[in-house]
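The structure appears right after this line, and notes come after that.
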Amino acid sequence: DETQRLKYRYLDLRNPAVKKNIILRCQVIAALRQAMMAHDFLEITTPILTASSPEGARDYLVPARKHPGKFYALPQAPQQFKQLLMTSGFDRYFQIAPCFRDEDARGDRSPGEFYQLDMEMSFATQEDVFAICEDVLPPIFAKFGTYDIASQPPFRRIAYNDALAVYGSDKPDLRIDLELTDAACLQDCGFEPFAGQTVKAVVVPDFHKTRKFIDKLCAEAEMLSGGKAYWFRLDENGELVGGISKFVAEKKDEVIEKLGLTKNSFVALAAGKYGAAVKTAGALRKLLGAQVEGHMDAERYEFCWIVDFPMYEIGEESGELEFCHNPFSMPKGGMETMLAAERGELDPLSITADQYDLVCNGVELSSGAVRNHDPEIMIKAFELVRLGEDDVKAKFPAMYNAFCYGAPPHAGIAPGVDRMVMLLAGEDSIREIIPFPMNKNAQDIMMGAPSEVTQKQLDELHIAVTAHEDE
């Protein structure tokens, strides 16, 4: 029982299998540190108490006793500090950096805190960052990995839009040989949920699973993606059966040709707006790859780079233009691109960023970017999301001012140490490789955190607790 294991973690750590993971973690961190120093990187620690800044997740706030009403924030990442180090003349920085984000737990994400191999390089391009990672990581995986087979550099590069179209995810698991297929031929088949929508299919040949398996598969895909899953089969007699087959019957020959169907093919389907359709189809691909024999070579490490991320997106809640990922990324084309968007000659949604992710076995191992080091380009980038020069100065005062003194072009990345060790150990849950992990509700049930504090402590910090959750 996980609750008992976490409550008595000091006993659980005596288990040889659990202890082995912690020893592995120590060995991996030591090897990473040695490799980075061999590449002339300097290990520099950055502050834990800092200012709150909008970096994509919710901050952990720390009240400042000497400054009533003001708060420090625990860093979501050393992003601004490492860029400031580049402006200070430290050409190569790294750190096994603790990061703090108030996020919900997942199988590959621990709530509260995590560690990353944070690095930054001056006078560096995307290619320079790729070269370092492809030199540092493969030997680590070769030496410590559970599996004997791993991608060799250079790793495959996949554009963000291509990853969505082909795999239904910007974190594709390349161990799975299934791909998404455009099923536009079904838009006018008479099935109402498909009318005028994007329709994506995942075709599995030589499929012999039961109806019970299919129903469970669709339910799991819907739970993972939030979208409805549909299906039909082409049986051994070449007849369309099951699911929505009656709507497909009139277009049988066209569907067989467009989707490349053979006898005993299974077709899983998703429909909706493009983003929703590919998300659901991506979930179906992942589940089918893992659960249908012969479509996933599980015991290997498959790396790829996801490149050409969009700079902007339309926010789901705001309905307005927002940064898609990292606001500190350099837009491709620099100032020319920003001015073209400002003049209305270019759709901001078509702007791509010099940003990249490293993915291994469907797990996002790392995000990085060539940084926007020019204060004028930075202001133009923020103006598109309705933030002016004064806002940039207020939100990022140190970085903006430092860049005004001149900053070298720089780029970086930060592979997650916890996720890396999880992959190396062959574990499904990140909690198995953390010495003292929190539970899914961000509670340390061994130490009793979070906990109430005394009224005296609250008074010293000028804090009033107005209500408890259970009241």
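The values are calculated or read from the model by the stated rules, or taken from the named source; none is laboratory data. Worth saying up front: this structure is predicted, and the values here are computed from it rather than measured. Every residue, glycine as well, gets a Cβ built from its backbone with ideal geometry; the counts of neighbours run over all protein chains shown. Protein only, heavy atoms only, side chains kept; ligands, DNA and RNA dropped before computing areas. Shrake-Rupley method; radii C 1.70, N 1.55, O 1.52, S 1.80 Å.
Summary table below
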{"item": "0 to 90° range, to nearest 10: angle between helix 274-291 axis and the chain longest Cα axis", "result": "80 degrees"}
{"item": "Under Karplus coefficients 6.51, -1.76 and 1.60, residue-wise ³J(HN,Hα) of region 141-158 in Hz, glycine/proline x", "result": "5, 5, 7, 10, x, 5, 9, 8, 10, 8, 4, 9, x, x, 6, 4, 10, 10"}
{"item": "Nonlocal amide H pairs with Ser329, under 5 Å, H built at 1.01 Å", "result": "Asn372"}
{"item": "Accessible area of region 95-236 divided out per residue, in Å², using a probe of 1.4 angstrom", "result": "46 Å²"}
{"item": "Approximate shape of region 103-224 as ellipsoid semi-axes (Cα gyration tensor, √5λ), whole Å, largest first", "result": "36, 20, 18"}
{"item": "Alpha-carbon spread of region 344-398, three principal axes, descending order, Å", "result": "42, 33, 17"}
{"item": "Environment charge of Ala64, counting only residues whose C-beta is closer than 15 Å and scoring Lys/Arg +1, Asp/Glu -1", "result": "0"}
{"item": "Test item: Cα-centred dipole of region 171-304, Lys/Arg +1 and Asp/Glu -1 on Cβ, debye", "result": "440 debye"}
{"item": "Dipole of region 387-430, positive end: most advanced residue of Ala402, Ala425, Pro415 [Cβ charges, Cα centre]", "result": "Ala402"}
{"item": "Value in Å of the Kirkwood radius, where region 1-88 supplies the Cα pairs that are averaged", "result": "16.9 Å"}
{"item": "Region 244-394 - percent relative contact order, Cα under 8 Å, separation 6 or more", "result": "19 percent"}
{"item": "Leading residue at positive end of dipole, region 1-65 (Cβ point charges), from Ile23, Leu11, His39", "result": "Leu11"}
{"item": "Derived scalar couplings ³J(HN,Hα) [region 30-40; Karplus, 6.51 cos²θ - 1.76 cosθ + 1.60; whole Hz; x for Gly, Pro]", "result": "5, 5, 4, 4, 5, 5, 5, 5, 5, 9, 6"}
{"item": "Electrostatic dipole magnitude of region 355-471 [Cβ: Lys, Arg +1; Asp, Glu -1; Cα centre; debye, to 20]", "result": "460 debye"}
{"item": "Dipole magnitude (debye, nearest 20) for the chain, charges at Cβ of Lys, Arg, Asp, Glu", "result": "1180 debye"}
{"item": "Net charge of neighbours whose Cβ lies under 11 Å from the Cβ of Phe114, counting Lys and Arg as +1 and Asp and Glu as -1", "result": "-1"}
{"item": "Value of Rg to Rh for region 366-448 (Rh from inverse mean 1/r over Cα pairs, i.e. Kirkwood)", "result": "1.20"}
{"item": "In order through region 422-429: 3J(HN,Hα) via Karplus (6.51 cos²θ - 1.76 cosθ + 1.60), integer Hz, x for Gly, Pro", "result": "4, 5, 4, 7, x, 8, 8, 10"}
{"item": "Cα-based helix-to-principal-axis angle, 211-225 vs the chain, degrees rounded to 10", "result": "30 degrees"}
{"item": "Approximate spin-label separation Asp297-Glu320, in nm, with each point projected 7 Å along Cα-to-Cβ", "result": "4.9 nm"}
{"item": "Summed residue charge, Cβ within 14 Å of Cys404's Cβ, Lys/Arg positive, Asp/Glu negative", "result": "-2"}
{"item": "Theoretical gain in end-to-end length, Thr262 to Glu220 [0.36 nm per residue, Cα-Cα removed]", "result": "12.5 nm"}
{"item": "Rough spin-label spacing in nm, given labels placed 7 Å along Cα→Cβ, for Val453 and Ala165", "result": "5.3 nm"}
{"item": "For region 302-333 versus region 177-216, the gap between their alpha-carbon centres in whole angstrom", "result": "29 Å"}
{"item": "Anisotropy class of region 206-305 from Cα gyration tensor, a/c 1.5 cut", "result": "prolate"}
{"item": "Mean Cα-pair separation over length for the chain, i.e. relative contact order, pairs under 8 Å, 6 or more apart, %", "result": "20 percent"}
{"item": "Amide H contacts under 5 Å for Arg156, placed H, 5+ residues apart", "result": "Trp305"}
{"item": "Amide H partners (placed H, <5 Å) of Tyr72, local residues excluded", "result": "Val62, Ala64"}
{"item": "Descending principal axes extents, region 33-176, alpha-carbon based, whole Å", "result": "55, 36, 31"}
{"item": "Chain lengthening between Asp128 and Lys209 when straightened (0.36 nm per residue, less Cα-Cα)", "result": "24.5 nm"}
{"item": "Net length gained if the chain between Arg65 and Gln152 were fully extended (0.36 nm per residue, minus Cα distance)", "result": "26.1 nm"}
{"item": "Taking the C-alpha atoms of the chain, convex hull volume expressed per residue in Å³", "result": "188 Å³"}
{"item": "Efficiency of FRET from Cβ geometry, Asp1 and Ile96, R₀ 30 Å, rounded to 0.05", "result": "0.40"}
{"item": "FRET efficiency for Ala57 and Asp253, using Cβ-Cβ distance with R0 set to 35 Å, rounded to 0.05", "result": "0.10"}
